Amino acid sequence: FFFFNDTATTEIYTEQIVGSVRCVQETAIKLVSCMNVNLDAVQAFVEACPRAHEINLKLEGSMNIEISSYLINSKFMNNKHTLQCSEFTFNSSLINVITTSTFLQSIRVLDLSNTDLSDKDLKNLFAPEVVQGGPQPVQLHNVTTFSISGCIGITQRGFKYIFDHHQRFPNIDTFNFSDTDITNYDIKLLSLSPYKVRNLDVSKCCYVRSEALKFFFDKDSVGNLLNLDLSYTQIEDDSLVAIAASTKATNLQVINLSYCYLLNEEALAEFKRKVTYRVVEADPEPKEIEED
């Protein structure tokens, strides 16, 4: 496991590491806020660590796109199961690399959270145009987890690309949409899509309301759901009534209702009495002890 965090790592320093050890058992390489790393240094480093299965890129500065593009479109990505390209500036060229790279066949987790991802980027990712004579889109059938948490630039148009075009990622069963502007309309599209959603995180999503949850829990697709995170949302008591009344959420195991401040305590207590799955609530804030 290599994790360089907020460092001014230079090519010389990286070459010293590579020259001193040949890594054969490491599990992850994380390059986080390494402002002075250049492409040659990264290339030398990853070639010395051929067995890492997780790549975590949070690079700063102008080199992030070049380094990320190199890694994603190289044989080094063979047999990797996690690609995290989060917390840096995206551009269309990086999405194009992800779309056409033939070395991402083993990726199971695609994490693009906290980036300036746009609707257009999601279109290019989920519904890329096929250019005659150009690189062809690759089907990433092994991806099961997709995260765009914190991507506040995504609108209904972007979510629609995800839900209407599942062919490239037909096996995604875990979506993290936390802290995005996903709406009731988008949740309805998800419930009607071919995805078999087992884990759904819409925490901190202020536009998710009772209307969407009533619709969602009335569809057969909710029968796949195992975990639902609604924490920090503005759902109200009628949401709990609809969820508790659903006969289709037969596999639901955990629902997180922490910090849902619009829920009435009595309604929440009644909900917990009716359901068989685990209901997560926030721990009560400790009371301050008054000094005599």
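The values are calculated or read from the model by the stated rules, or taken from the named source; none is laboratory data. All figures in this text were calculated on a predicted structure; none of them were measured in a lab. Reconstructed Cβ throughout: ideal geometry from the backbone, glycine too, with neighbour counts over all protein chains shown. When the accessible area is computed, the model is the full protein with side chains, heavy atoms only, and any ligands, DNA or RNA have been set aside. Shrake-Rupley method; radii C 1.70, N 1.55, O 1.52, S 1.80 Å.
Report yes if L140 is at pLDDT 80 or above, open to solvent by less than 10 Å² (accessible area, probe 1.4 Å), closer than 25 Å to D186 by Cα and touching a Cys at 6+ places or on another chain (Cβ under 9 Å), otherwise no.
Values: at pLDDT 80 or above: yes; open to solvent by less than 10 Å² (accessible area, probe 1.4 Å): yes; closer than 25 Å to D186 by Cα: yes; touching a Cys at 6+ places or on another chain (Cβ under 9 Å): no.
Criteria not met by L140.
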- Filter segment 204-239 for residues that are crowded, with 16+ Cβ neighbours inside 10 Å and among the basic types (K, R); which is farthest from A269 (Cα to Cα)? K204
- Of the residues in segment 86-113, those that are modelled with pLDDT under 70, closer than 20 Å to T174 by Cβ and β-branched (V, I, T) come to none
- Message: Take the conditions buried (at least 19 other Cβ atoms within 10 Å of the Cβ) and either among the β-branched types (V, I, T) or in contact with a helix residue (DSSP H, G or I) (Cβ under 9 Å, 6 or more places away or on another chain) (or both) and apply them to L262. Does it pass?
- Response: no
- Query: Which of (1) under 20 Å from E236 (Cα atoms); (2) assigned to a loop (DSSP other than H, G, I, E, B); (3) open to solvent by 10 Å² or more (accessible area, probe 1.4 Å); (4) not aliphatic (A, V, I, L, M) does Q132 not meet, given it meets every other one?
  - Reply: (1)
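From the list I187, I172, I255, exactly one residue is outside any helix (DSSP H, G or I), modelled with pLDDT of 95 or more, touching a Phe, Trp or Tyr at 6+ places or on another chain (Cβ under 6 Å) and closer than 21 Å to T144 by Cα. Which is it? Spell out the reasoning first.
Details: I187 fails: outside any helix (DSSP H, G or I); I255 fails: touching a Phe, Trp or Tyr at 6+ places or on another chain (Cβ under 6 Å).
None of the others qualify; the one that does is I172.
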- Query: Checking F146 against (1) at negative phi; (2) open to solvent by 10 Å² or more (accessible area, probe 1.4 Å), which single condition isn't satisfied?
  - Reply: (2)
- Query: In segment 173-186, what residues are of a type in the set (V, I, T) and surrounded by 21 or more Cβ atoms within 10 Å (Cβ to Cβ)?
  - Reply: T180, I182
- Task: Answer yes or no: is there a residue in segment 161-168 that is more than 14 Å from the chain's Cα centre (by Cα), open to solvent by 30 Å² or more (accessible area, probe 1.4 Å) and charged (D, E, K, R).
- Result: yes
